[in-house]
Amino acid sequence: MLEGVDAFKDIDLKSQYSNLKKGLDVKLPVYECTMDDGRKVNILAMYGAGLWGAIWGYVAVEDDNETVAGAIFDHASETPGLGAKIAEPAFYTQFRGKKLSDAGQFSSVKVVKGGANGSENGVDAISGATMTSKAVGTSLEQWLGAYKAFLTSRPAAKECCGQCGDESKECCAEGCCDSDKECCSGEGCEAECENEPVKAE
């Protein structure tokens, strides 16, 4: 975390991409966004070289640090009807729900020629645009690899249950929590959870 740095004004993705390729230190912008439903996501940037010019994009990651909430891409001069399709919903909406993991290990989302066949970690490449598709995959691998330390060092937000019915009971008395929620305990248990505590019905 760099104090006094404005991610919108002070970080030039093109120059950071140059540093990334050279193995130099890079400044990685992270944009925090609160969704309409209250979910918080972190938006990570990417920049690279397409077939004919620059490509760039943003990948939003859920607070579990693993699930892609969405992605969007654009380009300077990719071929209309082919590589330029990276900027179309049919391509970038594939990323929603994909996982930044493969066989239990951190991994970029892969852009797969011939089809990802429903893989949790892959999306279909664009037919007829092999080089641009490969460039997107390479750029994602480079940038998400650089963001790995940020993503894997942050504790995933927990969804917890709060007190159950009787306010005198401690949080998470036996039987209070749904099976998919973490249990908190004792006074001030809300502090253990990054999400709003959920009271059991």
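What follows is calculated from the coordinates using simple rules that are stated; it is not laboratory data. Here the structure is a predicted model, which is why all the values come from computation and not from measurement.
Enumerate lysine pairs in the range 71-136 that are 8 or more residues apart or on different chains, then count those whose Cα atoms are under 13 Å apart.
4
Taking the DSSP beta bridges in the range 9-140 as the whole, what percent of them are antiparallel, to the nearest 5?
90 percent
Enumerate the amide H contacts of Ala49 below 5 Å, restricted to partners 5 or more residues apart or on another chain; note that Pro and chain-start residues carry no placed amide H.
Ile55
List, in order, the whole-Hz ³J(HN,Hα) value for each residue of the range 13-21 obtained from phi through the Karplus relation with A = 6.51, B = -1.76, C = 1.60 and θ = phi - 60°; use x for Gly and Pro.
With the stated coefficients, the range 13-21 comes to 4, 4, 5, 5, 5, 4, 5, 4, 5 Hz.
Mind listing the phi-derived Karplus ³J(HN,Hα) values for the range 142-149, rounded to whole Hz, using 6.51, -1.76 and 1.60 with θ = phi - 60°, and x for any glycine or proline?
5, 6, 5, x, 5, 7, 3, 4
State whether the range 1-160 is rounded, prolate or oblate according to the following rule on the C-alpha gyration tensor (a ≥ b ≥ c being the square roots of its eigenvalues): a/c under 1.5 gives rounded; otherwise a/b larger than b/c gives prolate, and the remaining case gives oblate.
oblate
Expressed in nm to one decimal, what extension gain is obtained for the pair Val30 and Ser127 from 0.36 nm per residue of sequence separation less their Cα-Cα distance?
That works out to 31.8 nm of additional length.
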